[in-house]
Amino acid sequence: MLSDSIRQAYKSFIDRGWNKIYIALDVHGTCAKSNYKSASIELLPECLEPLRYISSLPEVCIILYTCCYESDYD
């Protein structure tokens, strides 16, 4: 479960004295709707507030990634 992973990341963060936690999120299907035909820019409303919150934490670095067709790069 995602919450277990985040808890474990914070435990390691504290135990090891790290200064950053990196969270990688696949954009499609996590933050934006997937349609598997073309790039989607329709954000899922339920992810906006959690993203705003975690992005405000100074110890968190968010890595957004996705795969798409070369024609959708722009």
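The values are calculated or read from the model by the stated rules, or taken from the named source; none is laboratory data. Here the structure is a predicted model, which means the values were calculated and not measured. Neighbour counts run over all protein chains shown; Cβ positions are idealised from the backbone, glycine included. Calculation scope for accessible area: heavy atoms of the full protein, side chains included, ligands and nucleic acids excluded. Shrake-Rupley method; radii C 1.70, N 1.55, O 1.52, S 1.80 Å.
State which residue is most open to solvent (accessible area, probe 1.4 Å) when the search covers only segment 34-56 and only residues that are without any contact (Cβ under 8 Å) to a residue 12 or more places away in the chain and part of a loop (DSSP other than H, G, I, E, B). Here the residue is Tyr36.
Restricting segment 1-56 to residues that are of a type in the set (Val, Ile, Thr) and either in contact with a Pro (Cβ under 8 Å, 6 or more places away or on another chain) or under 30 Å from Glu70 (Cβ atoms) (or both), which is modelled with the lowest pLDDT?
Per the stated criteria, the residue is Ile41.
A search for C-beta distances below 6 Å between a residue of segment 6-27 that is under 19 Å from Leu51 (Cβ atoms) and any residue that is in a helix (DSSP H, G or I) and among the aromatic types (Phe, Trp, Tyr), counting only pairs 6+ apart in sequence or on different chains, returns Ile21/Phe13. Under the condition of being surrounded by fewer than 10 Cβ atoms within 10 Å (Cβ to Cβ) and of a type in the set (Gly, Ala, Ser), the residues counted in segment 6-23 number 1.
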